[in-house]
Amino acid sequence: MIDWSGYIGLILEGAWVTVQLTLMGSALAVVVAFAAGLGRVSRFMAVRALATTYIEFFRGTSIFVQLFWVYFVLPFAGITLTPLQAGVLALGLNVGAYGAEVVRGAVKAIGREQREACIALNLSRFQAMRHIILPQALPLMLPTFGNNAIELLKGTAVVSLISLTDMTFQAQVVRAQTGSTLIPFATILVLYFVMAWLISLGMRWLERRVTRGLDGVRA
Amino acid sequence: MSEPIIRIDSIVKRYGPLTVLDGLSMEVMPGEKLALIGPSGSGKTTILRILMTLETISDGFIQVDGDQLYHMKKAGSLVPADERHLHKMREKIGMVFQHFNLFPHKCVLDNVTLAPMLTKGVPRAAAEKRAMELLDMVGLADKAKSMPAQLSGGQKQRVAIARALALSPKIMLFDEVTSALDPELVEEVLSVMRRLAAETDMTMLLVTHEMGFAHDFADRVLFFDRGKIVEEGRPEDIFRHPKQERTQTFLRKIIAAGHRV
């Protein structure tokens, strides 16, 4: 008879790594998504080009390859990262590229009439973006941001490939040591599901908060 | 005799191959109330949008309150205006839109106080005091904390008027401000504008299809067709004794459509 408590503890340690990766990766993704998404609608050609290049590159190559580059190739350029740093960087940049298009789409969806009102009221471009466009665009971004965060959570499993002991890595360890596949993988199945569900709940709460007072404004 | 506050000098506006305004010139005196009428597509709204810098011009010059609108002096010669120059010029001009364009995520009071606080650095308390005076003037002081979505069209448009007035522009542009309203809500907006015309010496340019209102409100009426001023004069002359055939045809059609003159 196997004593499962130690093995489950191992998986929970991995779960903590997965949570850290998801939170930090998402934080980076949000920052990058706004920077690149707003860069895409900049009036400066160079900024637009830079943002577009980043987005197309990171959407167009696999997270797996990006992670290997960050972890195994960057050291040749003198940049050595811990596995956790490399994981956060690769996941954040990858998901941020998708998020950037969400930001751009939402900003574009706020119509010409609002922009013209800003000009007529003599707001600067920055003031218009900060006070008028973004507050209205944010509710449009949130549902897709929720999807992206869940994608990122599930994407964290690839970091096991650079020896980061996340939840999936630990499940494989447990499987190798006990010979049981069902219990470790059933455990992480439930854990992934619960984490994704918590993200959904959190996003729904955020959505309610930012759309307060906007009832009936948008279809 | 004072100088015109707006001097439009042979401006051209093209959209691709389409020429909307072709060498148009006109002047507006300070304090004048001007009504621009004419069939849709005649270029009257385009003039307001150009004055508000929502559109650029393809050629020509516009002088507003002594300064060039789309040009500035640099090393002795006129060059295209930069964002800073436009920012300075926009202080003189306010605009009310057909579809109100209120900020839906801000309450009525914040809609009115936002621009004075951001663009002129007015402290919140002073901005709110002034906003309440303006909302009182348009009869909506009790709606200060409402969201735009809770207001009727007429109320929204009155808030939009208060919002534009909060920046104390010298020139106000009204672009078909009652066209999007249900008929029974038109009068409440027009009565606010009548008061405004009577009580202030602001220069006002009005694009409208309300011929009766244009008649009472304006000192001068310009009839536009195909990007040109076909006829202009005092309201009683334009509406009662139009000289040009195109003006006559237009007014006949408008009356046939049920508008009062």
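List of remarks:
- The range B:118-131, subset more than 18 Å from B:Asp142 (Cα to Cα) and surrounded by 18 or more Cβ atoms within 10 Å (Cβ to Cβ), residue nearest to the other protein chains (Cβ to nearest Cβ): B:Leu118
- Among residues of the range A:134-145 that are small (Gly, Ala, Ser), those with a Cβ under 8 angstrom from a residue that is assigned to a helix (DSSP H, G or I), sequence gap 6+ or separate chain, pair up as A:Ala137/A:Val103; A:Ala137/A:Ala106; A:Ala137/A:Val107; A:Ala137/A:Ala109.
- Scanning the range A:1-48 for residues that are loosely packed, with under 14 Cβ neighbours inside 10 Å and hydroxyl-bearing (Ser, Thr, Tyr) yields one hit, A:Ser5.
- Among the residues making up the range B:78-112, those that are among the β-branched types (Val, Ile, Thr) and within 19 Å of B:Ile171 (Cα to Cα) are B:Ile93, B:Val96, B:Val112.
- Filtered residue count, the range B:220-230, keeping only those that are more than 17 Å from B:Thr203 (Cα to Cα) and either buried (at least 20 other Cβ atoms within 10 Å of the Cβ) or under 19 Å from the mean Cα position of the chain (by Cα) (or both): 6
- Screening the range A:1-83 for helices (runs of 4 or more DSSP H) wholly inside it with 2 or more residues that are more than 16 Å from the chain's Cα centre (by Cα) and over 29 Å from A:Gly105 (Cα atoms) returns the ranges A:4-40.
- Test for B:Leu36: is it touching a residue at least 12 places away in the same chain (Cβ under 8 Å), surrounded by 22 or more Cβ atoms within 10 Å (Cβ to Cβ), of a type in the set (A, V, I, L, M, F, W, C) and away from chain A (no Cβ under 14 Å): yes
- The range B:155-207, residues that are assigned to a helix (DSSP H, G or I) and within 21 Å of A:Ile119 (Cα to Cα): B:Lys156, B:Gln157, B:Arg158, B:Val159, B:Ala160, B:Ile161, B:Ala162, B:Arg163, B:Ala164, B:Leu165
- One residue stands out in the range A:78-115 among those that are more than 16 Å from A:Val65 (Cα to Cα) and β-branched (Val, Ile, Thr): the one that is nearest to the other protein chains (Cβ to nearest Cβ), namely A:Ile110.
- Selection within the range A:128-174 - of a type in the set (Lys, Arg) and within 14 Å of another protein chain (Cβ to nearest Cβ): A:Arg130
- Strands (runs of 3 or more DSSP E) wholly inside the range B:52-106 that include at least 1 residues being within 14 Å of chain A (Cβ to nearest Cβ) and small (Gly, Ala, Ser): B:93-96
- Enumeration of residues in the range B:115-148 that are in a helix (DSSP H, G or I), touching a residue at least 24 places away in the same chain (Cβ under 8 Å) and of a type in the set (A, V, I, L, M): B:Ala115, B:Ala127, B:Ala131, B:Leu134, B:Leu135, B:Met137
- Matching residues in the range B:192-215 - criterion: being hydroxyl-bearing (Ser, Thr, Tyr) and within 19 Å of B:Leu181 (Cβ to Cβ): B:Thr208
- The range A:116-147, residues that are crowded, with 21+ Cβ neighbours inside 10 Å and of a type in the set (S, T, N, Q): A:Asn122, A:Gln136
No value in this document is a laboratory result; all are computed from the given coordinates. In this text the structure is predicted, and so the values were computed from the model without any measurement. So basically every Cβ, Gly included, is an ideal-geometry build from the backbone, and we count neighbours across all protein chains shown.
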